[in-house]
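Notes for the one structure printed next.
The values are calculated or read from the model by the stated rules, or taken from the named source; none is laboratory data. Nothing here was measured: the structure is a model prediction, and the numbers come from that model. Note that each Cβ is placed from the backbone with ideal geometry, even for glycine, and that neighbours are counted across all protein chains shown. Remember, those area values only see protein heavy atoms, side chains included, never the ligands or the DNA or RNA. Shrake-Rupley method; radii C 1.70, N 1.55, O 1.52, S 1.80 Å.
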There are 2 protein chains.
Amino acid sequence: MNVGYYQFSPCFGDPARNLENVQDALSGADADIIVLPELAFTGYYFENRKELSSLAENVSSSKIVSALINLCKSHDMYIATGFAESDGSNIYNSALLIGPTGAIHTYRKLHLFNTEKEYFDPGNISLKPINIKGANLGLMICYDWVFPEVTRSLAAQGADIILHPSNLVLAYCQKTMVSRCIENSVYAITANRTGTEARPRGQLTFTGQSQIVDTKGSIIASSTVENDDLVIQDIDPSTARDKFITENNHLFNDRRPEYYSAIT
Amino acid sequence: MNVGYYQFSPCFGDPARNLENVQDALSGADADIIVLPELAFTGYYFENRKELSSLAENVSSSKIVSALINLCKSHDMYIATGFAESDGSNIYNSALLIGPTGAIHTYRKLHLFNTEKEYFDPGNISLKPINIKGANLGLMICYDWVFPEVTRSLAAQGADIILHPSNLVLAYCQKTMVSRCIENSVYAITANRTGTEARPRGQLTFTGQSQIVDTKGSIIASSTVENDDLVIQDIDPSTARDKFITENNHLFNDRRPEYYSAIT
């Protein structure tokens, strides 16, 4: 299975331009799944809820989503992308899984980062993997990385590959995703963005270094801090079904949930 | 607070010799807490339950424990050590927290590794931090590292410093402990052993590289693969009480336990 990501620098407030960038980059892609960064079409650093409102879209009426469905149709592929999602009066920092038949799953970021709390509503959809092409895909977004419970919840329900649209500004995530893969025996594709956004609230610089990590925690593909980069890697998702770390140790069967009550 | 570890190569089946080694190494130590490896006095690779039985000791009658209490008295310090613990007909792969007043806490390894399952009984004591000298100490043993639930459960109950006696043979633990510290904002002291045990069941080589990791995931002290090493580092445990990763993000208050039910 060919999986990958497109790392780039979305232009704030210009969805049409960002869509064109993505369409161009993926035009020749031979991939089953491509992950795009968090909020890939709107940009990240909103001034306030009002500005976010003006850019957020309903999934069912979004021209961006329609265009991505067409891209998936023409390439027989799936795209996981960050998306500023409006739903009635609510607005979520979401990740959409889009395929040839439409937008087939929405995940709404459960753990909002920093000023996101001021203008996004917290996620309200259960963590649940989606099966496509024989692989179980688990969606999480950016800062969800710091909570081991997120990957764990997805892997415990059978996720083989974690799709992880991100707009990272801290330096910790990439190495922690290695641990997430080791402890759960899953693949993880972290699609981070690059570039700087100078906005009314200040300036943010994103850290790039998107990566694909295998089930043993090896980084099998990665990008630089700054460059646009389309990376596609052949992986075998069935490797993630083997949860034995030794012949006598199964990463999930060895768990002792009766001793973990402090977590929930 | 001065915390550290003593990395060495215990001699299989010779508790007296291992005790002498530890006494010599710690004789000049100026430390509040020292962590020793897993099964530091018996060695690791037992042939079977019978052999383990002949070496396991009851905490209250153990000469090793008495000697360690005396060492703690004379140095006003605490020692966390791996210990083959017999309790009635049961035998546990335990970690003891020993201080000037006695053996004050026992943790029994919840997640047994590989052949340990054949001769140790699984742990049956709740994960719970112990307060000494103003710091909350959480005990875990070796392979517990792979389960994020262990450190999480301890940190959720206030652990500032994870004391982690180990006999590591895999290469993944050290980098994963970095993630454990980042995701929980705790310190971790992994005291690993060195050397090789050639025993009836085969040969095991241990990976050394003991380390102290701070609350931001920086390795502030570490050892080589092979050498005996007493390492003592001054840390401020109160740093672990600050769970803010940004001014708006608290590592524990941001959790959404209602979405983590797949874990327990």
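Overview of values
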{"quantity": "Proximal aspartates and glutamates relative to residue A:73, as straight alpha-carbon distance under 14 Å, when same-chain residues fewer than 8 apart are discounted", "calculated": "A:30, A:32"}
{"quantity": "Sulfur and carbon atoms: percent of accessible area, the protein assembly as shown [1.4 Å]", "calculated": "44"}
{"quantity": "Nearest-ten-degree value, helix B:173-184 long axis tilted from longest Cα axis of chain B", "calculated": "40"}
{"quantity": "Beta bridges per DSSP with both ends in segment A:2-263, % antiparallel, nearest 5", "calculated": "70"}
{"quantity": "Residues with amide H under 5 Å from that of residue A:221, placed H, sequence gap 5 or more", "calculated": "A:212"}
{"quantity": "Surrounding net charge for residue A:71, when Lys and Arg each add one and Asp and Glu each subtract one, Cβ distance under 15 Å", "calculated": "-3"}
{"quantity": "Over the protein assembly as shown, volume per residue of the alpha carbon convex hull, in Å³", "calculated": "132"}
{"quantity": "Label spacing, shortest first and in nm, from residue B:87 to its equivalents in the remaining copies (7 angstrom along Cα→Cβ)", "calculated": "4.7"}
{"quantity": "Solvent-accessible heavy-atom area per residue, rounded to whole Å², over the protein assembly as shown at 1.4 Å", "calculated": "34"}
{"quantity": "Ranked packing of B:130-136, B:8-14, A:176-182, most packed first, by mean Cβ within 10 Å", "calculated": "A:176-182, B:8-14, B:130-136"}
{"quantity": "Phi-based couplings in Hz for segment A:147-157 (Karplus 6.51, -1.76, 1.60; Gly and Pro marked x)", "calculated": "9, x, 4, 5, 4, 4, 5, 5, 5, 5, 9"}
{"quantity": "Mean residue ellipticity (222 nm) of the protein assembly as shown, computed from DSSP H runs ≥ 4 via -39,500 (n - 2.57), nearest 500", "calculated": "-6000 deg cm²/dmol"}
{"quantity": "Inverse of mean 1/r across different Cα pairs in chain B, Kirkwood, Å", "calculated": "18.3"}
{"quantity": "Shape call, segment B:48-200: gyration tensor on alpha carbons, a/c limit 1.5", "calculated": "oblate"}
{"quantity": "Cross-link reach list, lysines versus residue A:216, counting only Cα pairs under 28 Å and skipping chain neighbours closer than eight places", "calculated": "A:109, A:128, A:133, A:175, A:243, B:109, B:117, B:175, B:216"}
{"quantity": "Estimated FRET transfer efficiency when R0 is 45 angstrom, pair residue A:226-residue B:201 (beta carbons, to 0.05)", "calculated": "0.30"}
{"quantity": "Degrees, to the nearest 10: B:63-75 long Cα axis against longest axis of chain B", "calculated": "50"}
{"quantity": "Tilt relative to chain B, helix B:15-26 - C-alpha long axis, 0 to 90 degrees, to 10", "calculated": "50"}
{"quantity": "Label point 7 Å beyond Cα along the C-beta direction, distances from residue A:60 to other copies (nm, shortest first)", "calculated": "6.9"}
{"quantity": "Accessible area buried, both sides summed, chains A and B with 1.4 Å probe, Å²", "calculated": "4300"}
{"quantity": "Label distances, nm, residue B:216 versus same residue in remaining copies, Cβ-directed 7 Å point", "calculated": "3.3"}
